[in-house]
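What follows is one structure encoded as structure tokens, with my remarks underneath.
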Amino acid sequence: MTANTREKTSTSGKTPVTLLGLGAMGTALARTWLAADHPLTVWNRTPGRAARLVGEGAKPAGSAAEAVAASTLVVVCLLDDASVGEALAEADLAGKDLVNLTTTTPAQARARAEWARERGARYLDGGIMAVPPMIGVPEAGGYVFYSGSTELFEEHGETLAVPAGTRYVGEDAGHAALHDVALLSAMYGMFAGVHHAFALISKEESIDPVTFAPLLAEWLSAMAGGVHLTADQLRSGDYTKGVVSHLAMQVAGTPTFLATAEQQGVSAELLRPYFDLMARRLAEAGGEEDLTGVVDLLLR
Ligand code: NDP
């Protein structure tokens, strides 16, 4: 009988979980496992933060090592990769299933996977695509990217699905972090455009930002579908495939955007770097392509 099988015979019949890190995210995760009757052992560097969860049924551990010893499935949700190394320095990870939900770079995730393997643990890395209020609320649409040990994911998939949806993106432990950062990077690009748009209208007394917002949201939603065409062009290598608004036309339009910013008293510092890349691609590859060639310019 494996340690896991033994654990599944706990009174609730649910897999015991150890959780290290009771910040905003860790606390939200913890509550969902408690609500689903999973025996939960918790540890936090600052012990006071565990008190409320202990009142709700969690078992406190005196140290991270003690917490790790309590369950086969050990979930870590700390500030950054360095805090994970610090917290687990004294823990015996042999035979453990370590799930690291701390945000890291892909390289840090791969190194942490190797570090865990050397200590005898199976390793799964996670990238959380949700904020704490979305945890335990399936209709909020939050989920976690996972990558690393397939066996670990398959064995504990049900337990990991308690706080949020799960999306396994492969054995490379760095790929959850890469998916996470790629999606968030796209989000920041979108925010940049949104902030520029609000700046453009902000001095116009007769345009209410609250009335403008739904127009903006609808437009961004309509444009978001364009990612599929970009993907198709990248896969085929033909950036003229299915092009609707070719590069020459789009570059010709950029002075209008810059002049409008100038007239509205708005800095174009968020727009200009992208327009510069469009102009460079036009000069290098001609005007018949879509905007997709900008991807190639970014590759170093
Ligand atoms: P918090 O700042 O609320 O909590 C940070 C946690 O890390 C605390 O438990 C803190 O302990 C602990 N910690 C920090 N440094 C150390 C250390 N050196 N050794 C041990 N423990 C340490 O952050 P969140 O809970 O919000 O975030 C946790 C992770 O989840 C991060 O990687 C974050 O990027 C990720 N995440 C968060 C989201 C969010 O919206 N909050 C969204 C998606 C991902 P102490 O209480 O002692 O300070």
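The values are calculated or read from the model by the stated rules, or taken from the named source; none is laboratory data. Only a predicted model underlies this, so the values are computations on that prediction, with no experimental measurement involved. Please note: Cβ atoms are built from the backbone with ideal geometry, for glycine as well, and neighbour counts cover all protein chains shown. In case anyone asks, the SASA skips ligands and DNA or RNA and just uses the protein heavy atoms, side chains included. Shrake-Rupley method; radii C 1.70, N 1.55, O 1.52, S 1.80 Å.
Of note:
- 0 to 90° range, to nearest 10: angle between helix 150-160 axis and the chain longest Cα axis: 90 degrees
- When each of the peptides 13-22, 254-263 is scored by how many other beta carbons lie within 10 Å of its residues on average, the order from highest to lowest is 13-22, 254-263.
- Which of D290, D296, D125, D37 is most accessible, then next, and so on - probe 1.4 Å: D37, D296, D290, D125
- Dividing the mean sequence gap of close Cα pairs (under 8 Å, 6+ apart) by how many residues the chain holds gives a relative contact order of 11 percent.
- Placing pseudo-labels 7 Å out from each Cα toward the beta carbon at V131 and M190 gives an inter-label distance of 1.4 nm.
- Cα Rg over Rh - the range 3-171, Kirkwood: 0.92
- With respect to the chain, whose longest principal axis is taken over its alpha-carbon atoms, helix 226-236 is tilted by about 90°.
- FRET efficiency estimate (nearest 0.05) - Cβ-Cβ, E139 to L220, R0 22 angstrom: 0.50
- Lysine pairs with alpha-carbon atoms under 19 Å apart, the chain, spacing 8 or more or separate chains: 5
- Per residue value of the accessible surface for the chain (all protein chains in place, 1.4 Å probe), Å²: 54 Å²
- Cβ-derived FRET efficiency at R0 35 Å, Y274 paired with R119, nearest 0.05: 0.20
- Angle of helix 247-263 to the longest C-alpha principal axis of the chain, folded into 0 to 90 degrees and rounded to 10: 90°.
- Accessible carbon and sulfur surface of the chain relative to its total accessible area, %, 1.4 Å: 59 percent
- Residue-span extension gain [A283 to E66] - 0.36 nm each, minus C-alpha spacing: 71.9 nm
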